[in-house]
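Take a look at the structure set out below.
The values are calculated or read from the model by the stated rules, or taken from the named source; none is laboratory data. Computed from a predicted structure; not experimentally measured. Virtual Cβ from ideal backbone geometry, glycine too; neighbours counted across all protein chains shown.
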Amino acid sequence: MDITKIPRHVAIIMDGNGRWAKSQGKPRIEGHYQGVASVRTAIQVALDTNIKYLTIYAFSKENWGRPKDEVDGLMELFCKTIALEIPNLYEQGVCVRFLGSRKELNPEVLESIALSERETQNNNRLFLNVALNYSGRAELTEAVKQIVADTEKGLVKLSEIDENTVSSHLYTHGIPDPDLLIRTSGEYRISNFLLWQSAYSEFYFTEKYWPDFTKEEFLKALEHYSTRKRRYGLTDEQK
Ligand code: FPP
């Protein structure tokens, strides 16, 4: 693989936990537990290949509509996993940050988020962003509201508003846009994930369910990425 073409930022829609569980004759939550093992693997691959930013879609705003026992099970899984993984993430130089609205989250989840962000804030080997209670449209709506409020207060002039103004009001402020966006499980949708940030991302889709997304599968995605020509709207000759 051409290591000069390792993406700086990889974002992943981790899909297919439920179908994986069903295929094994297990309850859906087992698929999510197995999904955590794939998250660990993905972090390890990111560390080994010098990917600097890894963003994973753990829970969307729309996911609150799932059956209560699945939502409760996922919240418990997040708390348990975060608590268990903090020492390891800290040791490996991973800086954790959560993207999404904090409003609807329960106190236990909020506490684990705050703890993991606090404990790892000075790390800089890998930036791990966990999208939790995230929605791209809600993120943009919030940004619009804040910018309008700043304009009304006279903090910013209408003529000064540009793309950087918008970017700086998103959960991802300070994080470069994803170079590669992976979705597992054979679905070909963006599902409200990083709508603004993925404007020029390369997309990679695989049929594998997230629990089956192994190190080899991740390396295959990186291999594909290394063959892509990114033109950003220009011609081949211009790039
Ligand atoms: C999508 O599969 C997966 C989720 C909604 C949850 C993903 C969460 C994890 C893998 C745990 C990560 C843990 C931490 C702490 C970050 P699905 O349930 O939509 O699968 P289906 O489409 O087959 O039903």
Breaking point among (1) within 11 Å of the ligand (Cβ to nearest atom); (2) part of a helix (DSSP H, G or I); (3) touching a strand residue (DSSP E or B) at 6+ places or on another chain (Cβ under 6 Å); (4) of a type in the set (Gly, Ala, Ser), for Ala58: (2)
The stretch 1-29 - residue that is more than 7 Å from the ligand (Cβ to nearest atom), under 17 Å from Lys208 (Cα atoms) and crowded, with 18+ Cβ neighbours inside 10 Å and, of those, farthest from the chain's Cα centre (by Cα): Ala21
Residue within the stretch 190-206 that is touching a helix residue (DSSP H, G or I) at 6+ places or on another chain (Cβ under 9 Å) and over 17 Å from Thr55 (Cα atoms) present: yes
Number of the exception - Thr41 against (1) more than 10 Å from the ligand (Cβ to nearest atom); (2) free of Cβ contacts under 8 Å to residues at least 24 places away in the same chain: (2)
Residues that are touching a strand residue (DSSP E or B) at 6+ places or on another chain (Cβ under 9 Å) and within 22 Å of Gln44 (Cα to Cα), drawn from the stretch 91-117: Gln92, Gly93, Val94, Cys95, Val96, Arg97, Phe98, Leu99, Ile113, Ser116, Glu117
Which numbered condition Val96 misses (of (1) in a helix (DSSP H, G or I); (2) aliphatic (A, V, I, L, M); (3) near the ligand (Cβ under 10 Å from one of its atoms)): (1)
Test: residue in the stretch 84-93 that is at pLDDT below 95 and acidic (Asp, Glu): no
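Yes/no matrix, rows are residues, columns are (1) among the aliphatic types (A, V, I, L, M); (2) within 16 Å of the ligand (Cβ to nearest atom); (3) within 25 Å of Phe98 (Cβ to Cβ); (4) touching a strand residue (DSSP E or B) at 6+ places or on another chain (Cβ under 9 Å):
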residue	(1), (2), (3), (4)
Leu128	yes, yes, yes, yes
Thr151	no, no, no, no
Asn164	no, no, yes, no
Ser168	no, no, yes, no
Ile175	yes, no, yes, yes
Leu180	yes, no, yes, yes
Trp196	no, no, yes, no
Glu207	no, yes, no, no
Glu216	no, no, no, no
Test: Gln34 is surrounded by fewer than 20 Cβ atoms within 10 Å (Cβ to Cβ), modelled with pLDDT of 95 or more, within 16 Å of the chain's Cα centre (by Cα) and in a helix (DSSP H, G or I): no
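Here's the yes/no breakdown for (1) within 26 Å of Ser167 (Cβ to Cβ); (2) in contact (Cβ under 8 Å) with a residue 40 or more places away in the chain; (3) near the ligand (Cβ under 10 Å from one of its atoms):
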residue: Tyr90; (1), (2), (3): no, no, no
residue: Glu104; (1), (2), (3): yes, yes, no
residue: Glu108; (1), (2), (3): no, no, no
residue: Ala131; (1), (2), (3): yes, yes, yes
residue: Arg137; (1), (2), (3): yes, yes, no
